[in-house]
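Structure record follows, encoded as structure tokens.
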Amino acid sequence: MKNQVTRLAYSSKRVHQGTIKNRLLAFFSLLCICHQVHAQDPSFSQFFASPLTLNPALTGKFDGSVRVAGNYRDQWPSVNKAYITSTASIDLAVLQNKLPTNDRLGIGFMAMTDKTADGILTSNYFSFSTAYHKAVDEDGLQQIGVGFQGSYANKLLDGPRLRFLDGLQVDGTWLPSPTERENLTQVTTHYFDMNAGILYNGSFNGSNAVYLGASLYHLNQPKESFLGVDKVILPTRLTIHAGGYFPSSSKYTSWYVSALYNQQATASEWVMGGALEISAGSDENYPVNFYLGAWVRMNNVTDAVIPYIGLDYGSFNLGMTYDVNVSAFKVATQGRGGLEISLIYILKRSEGQSVQSVQCPRF
């Protein structure tokens, strides 16, 4: 969803001559246009491995007591390190022995940083979320969860590193004027954000599992303003995601499928695909599984093909994808899409804790 952002930021830097303030205003106007054309929210190809950025209702929704997750994405590295996004999160189940059987209450914390244009614009987010998952049948095969999340966002623009067209030399080098380097400053903005989501997961026969979720981010439509003049309203983002787990006829293989739809202002995208799980161990308490799969991302065109490989090793899950850019923008990116790595650790339940009857969403 960031194609248009990079095209504008790297090919439309022509701003009118004038004061430093006018130049900064022009730059922020460019950011405003980006907000209106394409969503600014950071996103992951492995959306299923970043639960607290996908849906607050996924808080505490896993087979264990504590989950620690980390994500790293380097998108379009050939375009001067266009976007580098990292997250770290922890969520856990609380009051497990005081809730009705198969019910679960989760709380979670997340930190995320997103660096644009080699860190010229840095966005930091800190979030707290909670969710309650209610079993709607006595066997716990059908469950509904509702979650809420509050976030604090802080953004820093490194003004001295901005480059404008009139600084471009004939030989292709940049030569900022002395006044630019002296007068441009670092500016910040911050705001508080509210998000919410709902999740259904269930099983048809006790061995397979399906889920469907929806979330709304920026419910309060916070306003961004670096200079205190023009304020940009951050539009609400709608996310719908679904998936399923289906064992095959062989006890050593299973199929996972998932799909994602995002809409924010006039921007939208689809991501869909799946993975094959191959079991290499028989110990359920210490699984060793391999995953091979692929997803496809589409907006107004087919944007990228995303091959995926993964590994379960005991309590750890490691995933890696690489966006293969197939849109017209592949010329600017030199065919280099984006490397993404995810790592999740889940602490298993201790003896005496309730056990859910249906598998939790994983992909």
Item checked: Scope the stretch 280-289; condition assigned to a strand (DSSP E or B) and buried (at least 16 other Cβ atoms within 10 Å of the Cβ); matching residues -> Asn289
Next item on the list: Can you tell me which residue among Leu121, Leu99 is over 20 Å from Ile344 (Cβ atoms) and surrounded by fewer than 19 Cβ atoms within 10 Å (Cβ to Cβ)?
Entry: Leu99
Next item on the list: Check whether at least one residue in the stretch 107-117 is among the small types (Gly, Ala, Ser), surrounded by 16 or more Cβ atoms within 10 Å (Cβ to Cβ) and free of Cβ contacts under 8 Å to residues at least 60 places away in the same chain, and report yes or no.
Entry: yes
Checklist line | Scan of the stretch 66-93 for residues that are modelled with pLDDT of 90 or more, surrounded by fewer than 22 Cβ atoms within 10 Å (Cβ to Cβ) and farther than 20 Å from Met320 by Cβ, ordered by number | finding: Val66, Ile90, Leu92
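Condition check ((1) at pLDDT 95 or above; (2) under 30 Å from Tyr191 (Cα atoms)) across all residues:
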{"position": "Leu227", "(1), (2)": "no, yes"}
{"position": "Tyr245", "(1), (2)": "no, no"}
{"position": "Val288", "(1), (2)": "no, no"}
{"position": "Ile309", "(1), (2)": "yes, no"}
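For (1) assigned to a strand (DSSP E or B); (2) surrounded by fewer than 19 Cβ atoms within 10 Å (Cβ to Cβ); (3) at pLDDT below 90, each residue gets a yes or a no:
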site: Trp270; (1), (2), (3): yes, yes, no
site: Leu276; (1), (2), (3): yes, yes, no
site: Arg297; (1), (2), (3): yes, no, no
site: Asn317; (1), (2), (3): yes, no, no
site: Asp323; (1), (2), (3): yes, no, yes
Margin query: What's the total number of residues in the stretch 218-256 that are closer than 30 Å to Asp312 by Cα, under 19 Å from the mean Cα position of the chain (by Cα) and buried (at least 17 other Cβ atoms within 10 Å of the Cβ)?
Written below: 4
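The values are calculated or read from the model by the stated rules, or taken from the named source; none is laboratory data. Computed from a predicted model, the values in this text were never measured in an experiment. Ideal geometry is used to build each Cβ from the backbone, glycine not excepted, and the neighbour counts take in all protein chains shown.
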